[in-house]
1. What order do you get for L382, L163 when you list them from fewest to most C-beta neighbours inside 10 Å?
2. Are there any GluC sites (Glu not before Pro) in the range 385-480 that are in a DSSP loop and have at most 15 other Cβ atoms within 10 Å? List them by number.
3. Can you work out the Karplus-derived ³J(HN,Hα) for every residue in the range 176-190? Use 6.51 cos²θ - 1.76 cosθ + 1.60 with θ = phi - 60°, whole Hz, and x for glycine or proline.
4. Using the beta-carbon distance between Q498 and R267 and R0 = 30 Å, what value does 1/(1 + (r/R0)^6) give for FRET efficiency, to the nearest 0.05?
5. Using amide H atoms built in the peptide plane, which far-off residues or other-chain residues are under 5 Å from S346 H to H?
6. Hey, fewest Cβ within 10 Å first, where do W582, W562 land in order?
7. Highest mean first, what order results for 535-545, 248-258 on Cβ atoms within 10 Å?
8. Roughly what % of DSSP beta bridges within the range 333-505 run antiparallel, to the nearest 5?
Amino acid sequence: MAANRETDLNAPLKIHFSRAFVIDMLFTLLAAIMTGVSGGLLLILLVFGWSSVQADPTGESAAGLQLMSLDGRHIEMAPLLNTKVDIDVAGMLAWVKVEQVFTNPSQIWMEGNYRFPLAEGSAVERMRMAIGDRRIDGVIEEKAEAKRIFKQARETGKRASLLSQQRPNIFTLSATNIAPGEQVRVTIEYQQQVRFTGEAFELRFPMVVAPRYIPKQISEAEAAAITPPVIAQGAGLINPLAMEVRIDAGMPLSEVVSRYHRMVEERNEPGVVHLRLADGEVQADRDIVINWRPQIGAEPELALFREQWQGQDYALLMLMPPLGGTTEQVLSRELVFIIDRSGSMSGPSMAQAKAALKLAVSRLKSNDRFNLIAFNNRSESLFSDPQAATSTNQQRAIAFIDRLRADGGTEMMPALELALRQRAQAERLRQIVFLTDGSVGNEQQLFRLIQDKLGDSRLFTVGIGSAPNSHFMRRAADFGRGSFSYIGDLSEVSSAMQKLFTKLEHPSMRDIRLDWQGRGELEVEPQRLPDLYLGEPLLLALKGADLDGRLQVTGERGETLWRRLVDLGNGETRRSGVHALWARERIKSIMASTAITLQQRREQVLKIALEHQLVSPYTSLVAVEKTPVRPADESLHGGDLPVSLPAGWSAQAVFGPLPRTATWAPTYLLIGMALLGLAWIALWLGSRVNGNRLNWLVDRG
C-alpha cells in the first residue's frame, strides 16, 4: 500500500512540476536575455557614445581645430589665431597696427579665413606677410584680380595672404599653404580719426563680427561674406587678443578710462600715456573703448592736420563751436522712438534699451508729441500717430515698454518706413531716436530709405550692447543729419541718455555753410554737412592744390549767425596718412550716392582706391611668396575660423532652439542604465517566483 500511495502521490506531482518548470525556465530565460541585451547596449553606448566626446580620430581636437558652431554644424579644421594690436594716437589721429598670427599645430597643410571688424572709416593701406625671417609686402589690386592671384598661389602651393573688404567695418583675411607646425604672421596697418564729443576723446576698437540678421533680399554669397561661424559657448579662449596703446593728446589730460576692459596705465613721458591690457590677453567678444578727458580749460577749439602728397594738399579739420549761446527758446518737437526687440537684443542689451527708452519718455515736455515703434519680424506702434506727451500717454508708453521681450528676426525696413512715413505738424522739429545693435546685413537698402524718405526729420542712433554694428549706426546718423551715441553697459544708460537728450533739446548749429577764400578749388568731405548739437565738433576732410588760404564757416545758432575764419596754412601733422583718410571719406560719399549708376560708382571708387592704395569694396591687398612650398602630392585643408558670440548675447534668443552641439553620450548612458535596471528587476522577480514554486513543491512533498 505504501508503494502504491507513493506512486499515486508522484503521478500528479510529476505532471505539475513539468508545467512549472517550463514556465519558470521561460521567465528566467527572458530575464537573462534582457540582462544580456541591456548590458550589451550599455557597453556599446558607453564605448561609442562616450568616445564620441573623447576620441579624436585625427588627433587634432586637442589642438583646438575640431569645433562645433552654434547652429550644430561641424566647423572644418582651421588654424589657430592670435591677435596683437598696437595703437599710436597723436591728437585726433590714430595709427593702428594689427598683427594676426595663424598657427598650424597639425600634421597636415592648412589654410584659414578670418572675418574681423575694424572701425568704420578705417583707411587700410598696408599688409605684410611674414614666415620666419622672410617678409612679403602686399600690393593693392582690383578685387577680382587679387582673388585670382591668391587662388593661383593656393593651387600652386605658394604661401599667400589676401585682405578683402566685405563692409566698411568688416574685412576678411585669408592665409593659405601653412605648413605643419608653422606660423604665418600677417600685419595690416591703417589710420582712423579719434572721436571727440565735446567732453572727451574716444577710441573704439571693435573685436567681433556679431551674427547678422539676413533679410531675404540678400544673396547667400553676400550673407556668407559677413557671417562667420559662431563657436559654441564654453569653448574657452579662442582668438586671444593683446593690445598696447600710446596716447599723445597734445594737451594735459585729467583722466584716461578703459570702459570695458581692465588696463594698466603708465606715464613715462611728459604728456604721453601708455596703456596695456591688465590680463595680457582677452577674449575677442566685445569692443574695447578708451576715453581720455582734457583738463579743464584745455579743451580744443580747433585741431588741424595737414599733409602734402603727390602734388596735392590734404587737411583734417576739427572745429568746436562755442558751448555757450545756444538757443533757449522752448522747442516744439515731435519725437518718434524706435526700439529693436529682435533676438540679438536679448539679455543685457534689451535691459539697456528699455531703461534708455523709459528715461527718454520721462523727459518729454508737455508741448512735445511722441510715439513708440517696436520691431522684430514685425513692427508695432504704440499710437497710430504721434500723440501729446500727457501723463496718461507717458504711463501707456511705460506699460508698452515693460511688455517688450526680445526674440525673432530684425526686420528694420518696415519700422523705419513707418517712422519716416509720418510727417510732423507745422513748425515742429521732428526727431527720430533709433535704439538697436544694428545687427543686419542690408545696410545699403536702409541707407537709401533714409536718404529718400528723411525729409526735414533728424535721425539719432543709439548703439546698444557689447558689439554693435557701428558702420550702420554712424552712417544712418550721418544720412539722418543726427548723431550716434553708444551704450555698452546698463550703468551707462542714465549718463548716455542724459547727454543725448540734452543735445536733442539744444540744437547748437544748423544750416552750416563753407566759404573757401584761397586759390583753386576745395574738395570737402562730407559733402552734406550735418547739424551740430551741444558739445559736437565739426569734422572736415579737405583736399586742394594749395590750401594756404582761409576757410570761413558760418551757421545758424538760434536767431544769430555764427561765423569763424580758419587759416588752413597753420596746420601740421607729425605723420603721413591724412590723404588716406580724405580718400576713405570720399569713397564713402561715392558709395552712398544715389545720383550715379553702379558702373560709375565702381569706376570712381576704383580710381581713388588705386591712386591712394587703399582697400575698398573694389580693391584688395594680396601678398604671395615666390617659391612653392607645399608638395604637389599633399592636400590642403582649412576653413573659416569661428568667432565668439558677443558678450551678453543669448545664443538661443539669436539662433532659436539650438541643436545639441554636445554628444548624446549622457542620454545614452541613462538609457542603458535604465535597461539594465529593468533587467535586474526581471531577474529578481524570476528568482522570487522560482523560489515560491520550489517552496510550494517542498510543501507538497
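1. Fewest to most other Cβ atoms nearby, the residues stand as L382, L163.
2. Those that pass, being in a loop and sparsely packed, are E427.
3. Ordered by residue, 3J(HN,Hα) equals 10, 6, 8, 6, x, x, 9, 10, 10, 9, 10, 10, 10, 10, 8 Hz.
4. About 0.45, to the nearest 0.05.
5. S650
6. W562, W582
7. The peptides rank, most packed first, as 535-545, 248-258.
8. Restricted to the range 333-505, the bridges split so that about 15 percent are antiparallel.
Any read-out appearing in this document is the output of simple, stated calculations on the displayed coordinates, not a laboratory observation. Bear in mind the structure is a predicted one, so any value in this text is a computation, not a measurement. Backbone-built Cβ (ideal geometry, glycine too); neighbour counts: all protein chains shown.
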